[in-house]
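Reading through the structure tokens given below for one structure.
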Amino acid sequence: MSRGDMAKPLLGHGSTEGDPSLTPASGRTIGVLGSGDFARSLAIRLVCSGFKVVVGSRNPKRKASLFPSAAEVTFQAEAVKKTDVIFVAVFREHYSTLCDLADVLAGKILVDVSNNTEINHHKESNAEYLASLFPACTVVKGFNVVSAWTLQSGARDGNKQVLICSNNQEAKRTVAEIAQVMGFTPVDMGCLSSASEIENIPLRLLPAWKIPIFLALGLFLCFFTYNLIRQVIHPFIREQKNKFYKIPIEVVNTTLPCVSYVMLSLVYLPGVLAACSQLYYGTKYRRFPDWLDQWLQHRKQIGLLSFFCAALHAVYSLCLPMRRSHRYLLIETAVKQAMEKKMNIWVEEEVWRMEIYISVGIIALGLLSLLAITSLPSIANSLNWREFSFIQSSLGFTALVVSTLHTLTYGWSRAFDENQYKFYLPPTYTLTLLVPCTVIIARVIFSLPCIRHRLLRIRRGWEKGRYVKFVLPSATGEYSSGETSSNV
């Protein structure tokens, strides 16, 4: 990869012209100990950011071809002597191999970029262990949350944050300047004791998605079991009909929209509960319960999972006519109609129902797609707050209403047909309407002028029961002070 190609992602972001605070960092010599993938990516990015790079390797002749030509590849002792800032890009188990360089490393800044294979694998962090081996050095933890791919592709193609911690403020400032010149955003995480938490971050697998995923799986299992009883178990017990072939496609396809619809309503239900809490207590400064606070923070993930289930439902629905069972049933129905000499089987009501049902479903999926796209950081960052709020709140609520219409046209009048209550269980879609309809009714109530005005006042800082000073004249003509509640 050429230097020009590597520099492109940093144009307009990594330039140091006109920024005197970054001038000392740019152009300085940086050392890199190690010759692995991360060390090579780090050397490439440093070179393309205008730094002089000296790479220390135990086999410099064999490793030189792996690094850019502008970087000097030499023995570790020689590399350490030529710079005061050294990136230690070796694994924790190899730190002891650097002990022979202790005298040469004295007084230098060591940037530990390593990670573990397991969370809290060791009692002390890698950075603290490195500091214990080289007490004469200043150790800074940083760049471990940045991948080798991000280093090569540029800061705009990955997470721009570089988490930094150290016991030395000057060393942190130096590393922060280097990170800024490279196009990243340094974040001060405090003392070196924070290194354990920083090292655990890359090892966590989708930490913000655990609760939403378990929620989606729980809903899927509940609705799948319910539909299995109604569509497969009931005809098998009551009519001795084997319909287990419906499980892979039909039962799943009936379950997916239920999960998607309920998950979408769960995106807006916590906002309703938060508004009720604010109206009840008359203040916005009272902390929400932890469960509601967590719920509010996971709305984005819940919404994306709702879109995922809706998209799967659309694909499953398109594949329904492709099934062999569907063809057999279609032929069987045609033969029965021919034998009964039924020439006209057109049912006007059913035709209109299906046309409206499919049309509204397409609109709902389109709105969900728009919500999902604007949830992406690259898209969300290009929108101002009013635009983002309009799409996620107003259009999101519209998507919920349209999804409700989609569900109602699917059910039509079957909720009043006693044959639909198998094992005395109501149709599945009637259960899915409970939470969304509650949210819609609550949002309509909150839109009433008297309630909307009060809620707006609370969110602008007004509090129920807050006392204000006033002054009244006494009987003698003198003025005395008193207090009254602001909600009087």
What figure, in Å² to the nearest 10, do you get for the accessible area of Asp37 with a 1.4 Å probe and non-protein molecules left out?
100 Å²
For segment 207-460: relative contact order, % (alpha-carbon pairs under 8 angstrom, 6 or more apart)
26 percent
Within segment 109-249, how many lysine pairs that are 8 or more places apart, or on different chains, have C-alpha atoms less than 18 Å apart?
4
Keeping every protein chain in place, order Trp385, Trp291 by accessible area at 1.4 Å, biggest value first, i.e. largest first.
Trp385, Trp291
Within segment 33-67, the residues whose backbone N lies under 19 Å from a label point placed 7 Å from the Cα of Lys81 along the Cα-to-Cβ direction are 33-34, 53-61
Under 8 Å for C-alpha pairs, at least 6 residues apart: give me the relative contact order for the chain, rounded to a whole percent.
11 percent
Given 69-80, 197-208, the highest-first ranking by average Cβ count within 10 Å works out to 69-80, 197-208
Antiparallel bridges, percent of DSSP beta bridges restricted to the chain (to nearest 5)
30 percent
Give a residue-ordered list of calculated ³J(HN,Hα) values for segment 88-105 (Karplus: 6.51 cos²θ - 1.76 cosθ + 1.60, θ = phi - 60°; whole Hz; x for Gly, Pro).
8, 9, 10, 6, 4, 5, 9, 4, 5, 6, 8, 4, 5, 9, 4, 5, 6, 7
Ala274 versus Leu425: modelled label distance in nm, points set 7 Å from Cα along the beta carbon direction
3.6 nm
Residue-span extension gain [Ala64 to Glu239] - 0.36 nm each, minus C-alpha spacing:
55.3 nm
With an 8 Å cut-off on Cα pairs and a minimum separation of 6 or more residues, tell me the relative contact order of segment 64-139 in percent.
31 percent
Between Gln161 and Glu418, what is the label-to-label distance in nm when each label sits 7 Å out along the Cα-to-Cβ direction?
6.1 nm
Working out 0.36 nm times the residue gap between Asp100 and Ala338, then minus their Cα-Cα distance, what length gain in nm do you get to one decimal?
76.4 nm
Segment 29-203: C-alpha gyration tensor shape, a/c 1.5 cut-off, then a/b vs b/c:
rounded
Rounded to 5, the percent of DSSP beta bridges in segment 29-203 classed as antiparallel
10 percent
Measure off, as a whole percent, the carbon and sulfur share of the 1.4 Å-probe accessible area of the chain, all protein chains present.
60 percent
Tell me which of Ala71, Thr333, Thr398 sits at the most positive position along the dipole axis of the chain, charges placed on C-beta atoms (Lys, Arg +1; Asp, Glu -1).
Thr333
With every protein chain left in place, what is the accessible area of Trp412 in Å² (1.4 Å probe, nearest 10)?
100 Å²
Tell me, what is the 1.4 Å probe accessible area of Glu355, in Å² to the nearest 10?
120 Å²
Placing +1 at every Lys and Arg Cβ and -1 at every Asp and Glu Cβ, with all other atoms neutral, what dipole size does the chain have around its Cα centre, in debye to the nearest 20?
840 debye
Explain nothing, just compute: Karplus ³J(HN,Hα) = 6.51 cos²θ - 1.76 cosθ + 1.60, θ = phi - 60°, for every residue of segment 120-134 in order, whole Hz, x for Gly and Pro.
6, 5, 10, 5, 10, 5, 4, 5, 5, 5, 5, 5, 5, 6, 10
Given charges at beta-carbon only (K, R positive; D, E negative), |dipole| of segment 29-203 in Debye:
580 debye
In nm, the gap between the two label points placed 7 Å beyond Cα toward Cβ at Cys450 and Tyr285 is 2.8 nm
Where in segment 249-263 does the amide nitrogen come within less than 19 Å of the point 7 Å from the Cα of Leu405, taken along Cα to Cβ?
261-262
Cα axis of helix 210-228 to longest principal axis of the chain: angle in degrees, 0 to 90, nearest 10?
20 degrees
What is the extension gain from Gln297 to Glu197, computed as 0.36 nm multiplied by their sequence separation minus the C-alpha to C-alpha distance, in nm to one decimal?
33.9 nm
Nonlocal amide H pairs with Val32, under 5 Å, H built at 1.01 Å:
Val54, Val55, Gly56, Phe87
Probe 1.4 Å, all protein chains present, accessible-area order of Glu177, Glu340, largest first
Glu340, Glu177
Pull out a ≥ b ≥ c, the square roots of the eigenvalues of the alpha-carbon gyration tensor of segment 75-155, then state rounded if a/c is under 1.5, prolate if not and a/b is larger than b/c, and oblate in the remaining case.
oblate
Can you list the HN-Hα couplings for segment 165-173, worked out from phi with the Karplus curve (6.51, -1.76, 1.60; θ = phi - 60°), rounded to whole Hz and with x for Gly and Pro?
8, 5, 8, 10, 5, 5, 5, 5, 5
Kindly sort Ser447, Ser369 by accessible area of their heavy atoms, largest first, with the probe set to 1.4 Å.
Ser447, Ser369
Which of Gly465, Val259, Ala275 sits farthest toward the positive end of the charge dipole of the chain, with +1 on the Cβ of Lys and Arg and -1 on the Cβ of Asp and Glu?
Val259
Within 10 Å, count the other beta carbons around each residue, average over each peptide in 41-51, 234-244, and list them highest first.
41-51, 234-244
Suppose R0 equals 30 Å; then what is the FRET efficiency for Ile331 and Ile229 from their Cβ-Cβ distance, rounded to the nearest 0.05?
0.55
If I compute semi-axes √(5λ) of the Cα gyration tensor in Å from the structure I just sent, which labelled value in (i) 57, 38, 20; (ii) 32, 30, 24; (iii) 37, 27, 24 lines up?
(i)
Determine the shape class of segment 155-293: with a ≥ b ≥ c the square roots of the Cα gyration tensor eigenvalues, call it rounded for a/c under 1.5, and otherwise prolate if a/b is greater than b/c, oblate otherwise.
prolate
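The values are calculated or read from the model by the stated rules, or taken from the named source; none is laboratory data. Everything quoted here is computed from the prediction, not taken from an experiment. All Cβ positions, glycine included, derive from the backbone under ideal geometry; neighbour counts span all protein chains shown. These accessible areas exclude ligands, DNA and RNA; they are computed on the full protein's heavy atoms, side chains included. Shrake-Rupley method; radii C 1.70, N 1.55, O 1.52, S 1.80 Å.
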